[in-house]
Structures are given as C-alpha cells and as structure tokens.
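Colleague: So that we are looking at the same thing, I have put the structure below in structure tokens.
The values are calculated or read from the model by the stated rules, or taken from the named source; none is laboratory data. Predicted model, so just to flag it, every value in this text is computed and none were measured. Because the Cβ atoms are built from the backbone with ideal geometry, glycine has one as well, and the counts that use them run over all protein chains shown.
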Amino acid sequence: MVRAPYRGVFPVAPTVFDARGELDLDGQRRCIDCMIDAGSDGICILANWSEQFALADDERETVMHAVLEHVAGRVPVIVTTTHFATQVCAARSRRAQEAGAAMVMVMPPYHGATIRVPEPGVYDFFRAVSDAIAIPIMIQDAPVAGTPLPAAFLARMAREIANVAYFKIEVAQAASKLRELIALGGEAVIGPWDGEEGITLLADLDAGATGAMTGAGYPDGIRTIVDAHAGGDRAEALAAYERWLPLINYENRQCGPVAAKTLMEEGGVISSGMTRHPVSPLHAATRAGLVELARRADPLVLRWAR
C-alpha cells in the first residue's frame, strides 16, 4: 500500500509538567487537543523542543503512549527516537511503530561537544534503524548534533536506505541545502522539511520544503503561511509571514522551548508552564513581550480554553 506523503505543519508538542516538575498527563492531553484544534496537520513528540533531554526513559514511554492513545489516529504523530547507540535507537523506533507512530525522527549519533561518528558509521546507524521498522525515518539535520551531513550524503541515504525519506533541515542557509538535497535526491526525498520554529520558513518553502516542524504555540498562524504557499499564492504567503514573523522571531531568539508552554499556560490550556531544572523559566519581561506579540497575532492558544 502506497502511503501519501506527509506534508504541512507538524509542530513539536511540549512535554507538560505540573508545578512540582512531574509529568502532567491530563495537561499533555489538553495540549494535544489544542494543537489539533489549531490546525496541526500532524504532531511531533519527544523532540529537543519537547525537553526530551530532561526525561527519564520510562517517562518517554509514558508520554509516547499517552499521546498516541489520546490522538487515536486524528492526525499522524512523529516520535523522536534519537539515541547515540544504534541498538537503542532501533529498539525505541520499533516501540514507537508498535504504539502507532506514523514516522520516527532521528538525529545522527553524537554525544556532548566532541564525540562524533564518521560518515560510514552514520550511514550504518540509519540503515540499522531502517531495518528495524517499516515506517519512514526523518533525519534531523540540526547544529546541536555537530555532525556534518552534506546534501550529497543525505541524498545517498534517501536513495539507498529504504525508510529514510524525510529531512528536517535547520542548519545555516537551510534553503540552499534544501535545494541541493532535492536536486540530488529526486523522488527519493519524499519530505524536505523546514524547522527551527519557522524562522526561515518562507525561504525554505520557496526552496521546495513541503513540511514545517515548528513550535506548538500557534500552528494556526503557521498554517496561513504554508497553506497559501502550497496553494500557489506566494503573495498571500509573504503577507502572512510578515504578520507572524515578529512572534516567530521572538520565540526563536528570546524564548526557546519555553515559548509554547508559556502561551498555553497564559491561555489556560495547561495549568503550569513548568520546565525542569536546569532549564530556566522565562524572565518576567521576556514572558510579557511574548504574550504581547501573541495577543497582537491572536492565535487560538490564547482563546481555546476560554
């Protein structure tokens, strides 16, 4: 059975904690409902923007099952399964598939600031993960991994490794890399996607991106850009980008992964925007600036629970 390509806006869901820093699964479910009601074409969980690095292994499993069971097929869910060890990443990916994930997102293996794997090892890593599952793999090409992934190498993996088909490009000059990847990979590159909260979204769409993995605070706003562009109305896409860019920029440059939870707390979607130490909460002035810009844009997240 041929699977239709996944396209559109797939925001990264935050992991919701209560005021004590423990998992808040009821809040997590409300977060997911709000994201779906705001027009998310799909959802990604357990990514870096979900504070996955602050979760214990058993908590990852708990969040994954809670989200997938609650979504119940309403939208496709991408589960991030990144791990340095090949066999651990493969096992995580199998469990995600068995739980109902539509796709897994994986970074190349790395640890800390200096431990990297050379290109042949990265290739074998993704081949082993692919062999373990039957759903697509999205390779996350992000600076945090510190691992060079040239477009030619990504295109080769798309052609040669069965389930490698999607690519979230969030390195510098992402649009240029997307163009090169699409040119080299051809039909094997099913999903060239934008990331980094949409800060380069319009340029990436112009370069051929078919998906956007942004923050979870305002998928309705991101949809106005992506949908207009996909419909061939670039002028409207540009106008929408101009409307939402101040908020996109503020999230990307001032707030980080705390932004979506802050907006959800402000709008009453969740009871607490708590992060886990050592991730710091937003300074009061930064929070006020985020909320001010959001109110001007009027995303659903601020009205959903009212």
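Colleague: Of all residues in the range 287-306 being over 20 Å from Ala240 (Cβ atoms) and in contact with a Ser or Thr (Cβ under 9 Å, 6 or more places away or on another chain), which is surrounded by the most Cβ atoms within 10 Å (Cβ to Cβ)?
Modeller: Arg287
Colleague: Only one of Glu196, Glu180, Glu160 is of a type in the set (Asp, Glu) and crowded, with 22+ Cβ neighbours inside 10 Å; which?
Modeller: Details: Glu180 fails: crowded, with 22+ Cβ neighbours inside 10 Å; Glu160 fails: crowded, with 22+ Cβ neighbours inside 10 Å.
Testing whether each residue is of a type in the set (Asp, Glu) and crowded, with 22+ Cβ neighbours inside 10 Å leaves just Glu196.
Colleague: Let me ask another. Where residues in the range 207-225 are farther than 21 Å from Val291 by Cβ and in contact with a helix residue (DSSP H, G or I) (Cβ under 7 Å, 6 or more places away or on another chain), which of them is surrounded by the fewest Cβ atoms within 10 Å (Cβ to Cβ)?
Modeller: Step by step, filter the range 207-225, then rank; the result is Gly208.
Colleague: Against the definition (in contact with an Asp or Glu (Cβ under 8 Å, 6 or more places away or on another chain), within 20 Å of Thr200 (Cβ to Cβ) and surrounded by 13 or more Cβ atoms within 10 Å (Cβ to Cβ)), how does Pro257 come out, yes or no?
Modeller: Values: in contact with an Asp or Glu (Cβ under 8 Å, 6 or more places away or on another chain): yes; within 20 Å of Thr200 (Cβ to Cβ): yes; surrounded by 13 or more Cβ atoms within 10 Å (Cβ to Cβ): yes.
Answer is yes for this residue.
Colleague: Restricting to the range 49-91, count the residues that are outside any loop (DSSP other than H, G, I, E, B) and either touching a strand residue (DSSP E or B) at 6+ places or on another chain (Cβ under 8 Å) or β-branched (Val, Ile, Thr) (or both). Working first, answer last.
Modeller: So the first thing to find is which residues in the range 49-91 are outside any loop (DSSP other than H, G, I, E, B), and the list is 49-50, 52-54, 57-71, 77-80, 86-91.
Still in the running and either touching a strand residue (DSSP E or B) at 6+ places or on another chain (Cβ under 8 Å) or β-branched (Val, Ile, Thr) (or both): 49-50, 52, 59, 62-64, 67-68, 71, 77-80, 86, 88-89.
Qualifying residue count for the region: 17.
Colleague: Another question, if that's okay. Looking at (1) over 20 Å from the mean Cα position of the chain (by Cα); (2) under 24 Å from Ile45 (Cβ atoms); (3) among the small types (Gly, Ala, Ser), can you tell me which one Gly186 breaks?
Modeller: (2)
Colleague: Is it true that Asp24 is in contact (Cβ under 8 Å) with a residue 40 or more places away in the chain and over 23 Å from Arg223 (Cβ atoms)? If you could, list the steps in order and put the result at the bottom.
Modeller: On the way: in contact (Cβ under 8 Å) with a residue 40 or more places away in the chain: yes; over 23 Å from Arg223 (Cβ atoms): yes.
Yes: the conditions hold for Asp24.
Colleague: Next question. Take the range 41-77 and flag every residue that is of a type in the set (Phe, Trp, Tyr) and either buried (at least 22 other Cβ atoms within 10 Å of the Cβ) or in contact (Cβ under 8 Å) with a residue 12 or more places away in the chain (or both). Steps first, answer last, please.
Modeller: Filtering the range 41-77 down to residues of a type in the set (Phe, Trp, Tyr) leaves 49, 53.
Answer for the range 41-77, where residues must be of a type in the set (Phe, Trp, Tyr) and either buried (at least 22 other Cβ atoms within 10 Å of the Cβ) or in contact (Cβ under 8 Å) with a residue 12 or more places away in the chain (or both): just Trp49.
Colleague: For Val171, state whether it is under 17 Å from the mean Cα position of the chain (by Cα), in a loop (DSSP other than H, G, I, E, B) and either at pLDDT 95 or above or surrounded by fewer than 23 Cβ atoms within 10 Å (Cβ to Cβ) (or both).
Modeller: Working: under 17 Å from the mean Cα position of the chain (by Cα): yes; in a loop (DSSP other than H, G, I, E, B): yes; either at pLDDT 95 or above or surrounded by fewer than 23 Cβ atoms within 10 Å (Cβ to Cβ) (or both): yes.
So Val171 fits the description; yes.
Colleague: Can you tell me which residue among Ser93, Ser40 is hydroxyl-bearing (Ser, Thr, Tyr), modelled with pLDDT of 95 or more and under 24 Å from Tyr218 (Cα atoms)?
Modeller: On the way: Ser93 fails: under 24 Å from Tyr218 (Cα atoms).
Testing whether each residue is hydroxyl-bearing (Ser, Thr, Tyr), modelled with pLDDT of 95 or more and under 24 Å from Tyr218 (Cα atoms) leaves just Ser40.
Colleague: Out of everything in the range 4-19 that is outside any strand (DSSP E or B) and either free of Cβ contacts under 8 Å to residues at least 24 places away in the same chain or under 16 Å from Asp194 (Cβ atoms) (or both), what residue ends up being farthest from the chain's Cα centre (by Cα)?
Modeller: Ala4
Colleague: If you scan the range 93-114, which residues turn out to be touching a helix residue (DSSP H, G or I) at 6+ places or on another chain (Cβ under 8 Å) and either among the hydroxyl-bearing types (Ser, Thr, Tyr) or within 14 Å of Phe126 (Cβ to Cβ) (or both)? Please lay out each step first, then the result.
Modeller: Just the residues of the range 93-114 that are touching a helix residue (DSSP H, G or I) at 6+ places or on another chain (Cβ under 8 Å), to begin with: 93-96, 99-101, 104, 106-110.
Matches in the range 93-114: Ser93, Val104, Val106, Met107, Pro108, Pro109, Tyr110.
Colleague: Using beta carbons and a limit of 7 Å, which pairs, at least six apart or on different chains, have the first residue in the range 222-240 and touching a residue at least 12 places away in the same chain (Cβ under 8 Å) and under 21 Å from Asp298 (Cα atoms) and the second one surrounded by fewer than 19 Cβ atoms within 10 Å (Cβ to Cβ) and of a type in the set (Asp, Glu)?
Modeller: From residues that are touching a residue at least 12 places away in the same chain (Cβ under 8 Å) and under 21 Å from Asp298 (Cα atoms), the pairs are Ala228/Glu236.
Colleague: Quick one: in the range 133-152, of everything that is surrounded by fewer than 18 Cβ atoms within 10 Å (Cβ to Cβ) and part of a helix (DSSP H, G or I), which residue is farthest from the chain's Cα centre (by Cα)?
Modeller: Ala152
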